[in-house]
Amino acid sequence: MGFLSMRQYFDPALQLNLGFLLAYTLATVVHGLAMLLIGKFACKYLWARGYDPDDYVNPFITGTGDMLGTILLALVFLVVF
């Protein structure tokens, strides 16, 4: 929200409607919760099988987070605009 507020401040011609802000906020919350849940269960799964989660979960979370974030942002733009 801070980024969007600053963007609006520096470029007043940009029109951000309430639907976009709500969809963007919802996508951000879904992304954050999904990353927390995936990280939690991946760590538990790997730890139970004797793997060090520090070595395996970080690359997995980074790739999954990038992919999911891009998909959610694209969906926000498809739904709102």
Item checked: Residue-span extension gain [Phe81 to Leu68] - 0.36 nm each, minus C-alpha spacing -> 2.7 nm
Next item on the list: Kindly report, to the nearest 10 Å², the accessible surface of Phe77 as traced by a 1.4 Å probe over protein heavy atoms only.
Entry: 100
Next item on the list: Would you indicate which of [x] -0.66, -0.74, -0.99; [y] -0.88, -0.91, -0.99; [z] -0.75, -0.80, -0.94 is the value of log10 I(q)/I(0) by the Debye sum over Cα atoms at q = 0.17, 0.18, 0.21 Å⁻¹ derived from the coordinates of this structure?
Entry: [z]
Checklist line | 222 nm mean residue ellipticity, helices alone, for the chain (DSSP H n ≥ 4; -39,500 (n - 2.57); rounded to 500) | finding: -29500 deg cm²/dmol
Margin query: Just to be sure I understand the rule: take each whole DSSP H helix in the chain, project its Cα atoms onto its long axis, keep it if the span is 18 Å or more and its mean Kyte-Doolittle hydropathy is at least 0.0. Which ones pass?
Written below: 18-48, 53-80
Check: Does anything in the range 45-81 have its amide N under 19 Å from the 7 Å Cα→Cβ label point of Thr28, and if so which residues?
Finding: 65-81
Checklist line | Fully extended contour minus Cα-Cα distance, from Leu36 to Arg7, at 0.36 nm per residue | finding: 7.6 nm
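The values are calculated or read from the model by the stated rules, or taken from the named source; none is laboratory data. It should be emphasised that the depicted structure is a prediction, and the values quoted were computed from it without experimental measurement. So basically every Cβ, Gly included, is an ideal-geometry build from the backbone, and we count neighbours across all protein chains shown. Side chains are part of the model used for accessible areas, which takes the heavy atoms of the whole protein and leaves out ligands, DNA and RNA. Shrake-Rupley method; radii C 1.70, N 1.55, O 1.52, S 1.80 Å.
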